[in-house]
Amino acid sequence: MGRSKSWIWAALVVVMLLLVVAEGKKIFEKKEKVCDKGWECKNSKFCCNETITDFFQVYQFENLFSKRNAPVAHAVGFWDYQSFILAAAEYEPLGFGTTGGKHTGMKEVAAFLGHVGSKTSCGYGVATGGPLAYGLCYNHEMSPSQSYCAEDLKYPCVDGAEYYGRGALPVYWNSNYGIIGDGIKVDLLHHPEYLEQNATIAFQAALWRWMTPMNKKQPSAHDVFVGNWKPTKNDTLSKRLPGFGATMNILYGDLVCGQGFVDSMNNIISHYQYYLDLMGVGREQSGDNLDCAEQLAFNPTVAPTQSATS
């Protein structure tokens, strides 16, 4: 009888060991594969896809921003392809331009740069090359209408610093310089001028805004564009749906969205579609929910004079 029990216990131990091994194998199999693509993309599952330099070359950047160094431009010699790629390398391991394969990556680069181009353009209706060819004409606000300094306990204004609009997606107000500076680990609160002195930092600040949710329970512009975000019932009722339109909602809120088909919104869409054409993707691939004309803002404006994205 005792010998029989020993065999039973031995069998149970073997079964338990087999279960442990099987479970360990499952865990191992579930572990995500990560890849390295040199300096541009390291130690991430997203690096297993094509990276931005695989599908976006110097000549394409030059085509998109063909008039940025024209005589009428105000930031001649400032913006370049290398600065964008260096900045993008910080975010490619997080999925910027590397989510969902080459086609989605190209569309996301066009979408991000569409915002950048529209916000830094000095193009006009009869401009040579067309008004959409003048993205990256500016790197700072030319005639600030106010000081953009507001009381803030965490990010108080620094004596001598000015917080007018600067960068690839212009940053305004001391609090926004502080938040974004923390995000990219550059002291922009004390040195807001970095955004008009260093193009890589300017692109990094813009990419941080693209990749980072403004509130914990909200998506980033990246998330709503590449399909990582599933709208809640409240989002659906507010007509907020995945697509390019929602990226404008996140970045500009009711300054652009929920106002009907206003010029400010149409201009951003036009840049996005123009860049899709130039990159060989085609505007017919713009995606669903292109506009935000009827969307309620994720974060309704409380104090319009303190908006980060005017």
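The values are calculated or read from the model by the stated rules, or taken from the named source; none is laboratory data. Note that the coordinates shown come from a computational prediction; the quantities given were computed from them, not determined experimentally. Heads up, the Cβs are rebuilt from the backbone with ideal geometry, glycines too, and the neighbour counts pull from every protein chain shown. All accessible areas refer to the heavy atoms of the entire protein, side chains included, with ligands and DNA or RNA removed. Shrake-Rupley method; radii C 1.70, N 1.55, O 1.52, S 1.80 Å.
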Asn176 fails exactly one of (1) free of Cβ contacts under 8 Å to residues at least 60 places away in the same chain; (2) under 20 Å from Ser264 (Cβ atoms), namely (1)
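Output the helices (runs of 4 or more DSSP H) that fall wholly within the stretch 191-271 and possess 2 or more residues being out of contact with any strand residue (DSSP E or B) (no Cβ under 8 Å at 6 or more places or on another chain) and surrounded by fewer than 21 Cβ atoms within 10 Å (Cβ to Cβ), or say none. Break it down into steps so the answer makes sense when it comes.
Numbers: elements: 199-211, 221-226, 233-237, 244-252.
Hits in the stretch 191-271: 199-211, 233-237.
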Considering only residues that are at pLDDT below 95 and in a loop (DSSP other than H, G, I, E, B), look in the stretch 295-306 and name the one that is surrounded by the most Cβ atoms within 10 Å (Cβ to Cβ).
Thr301
If we keep just the residues of the stretch 61-71 that are in contact with a Gly (Cβ under 9 Å, 6 or more places away or on another chain) and among the hydrophobic types (A, V, I, L, M, F, W, C), which is nearest to Asp277 (Cα to Cα)?
Leu64
Take the stretch 73-92 and flag every residue that is out of contact with any Lys or Arg (no Cβ under 8 Å at 6 or more places or on another chain), of a type in the set (Phe, Trp, Tyr) and open to solvent by less than 10 Å² (accessible area, probe 1.4 Å).
Phe84
Being out of contact with any Asp or Glu (no Cβ under 6 Å at 6 or more places or on another chain), open to solvent by less than 70 Å² (accessible area, probe 1.4 Å), in contact (Cβ under 8 Å) with a residue 60 or more places away in the chain and under 23 Å from Thr200 (Cα atoms) is the filter here; which residues of the stretch 120-167 pass it?
Ser121, Leu132, Ala133, Tyr134, Gly135, Leu136, Cys137, Tyr138
Taking the stretch 98-108 on its own, how many of its residues are open to solvent by less than 10 Å² (accessible area, probe 1.4 Å) and within 20 Å of Leu136 (Cα to Cα)?
1
Just to check your reading of the model, which residue among Asp291, Asp263, Asp277 is in contact with a helix residue (DSSP H, G or I) (Cβ under 9 Å, 6 or more places away or on another chain) and under 15 Å from His115 (Cα atoms)?
Asp291
Only one of (1) open to solvent by less than 50 Å² (accessible area, probe 1.4 Å); (2) under 30 Å from Cys157 (Cβ atoms); (3) not in a loop (DSSP other than H, G, I, E, B) does not apply to Ile179, and that is (1)
With the condition kept exactly as written, say whether any residue in the stretch 272-294 is within 14 Å of the chain's Cα centre (by Cα) and open to solvent by less than 20 Å² (accessible area, probe 1.4 Å).
yes
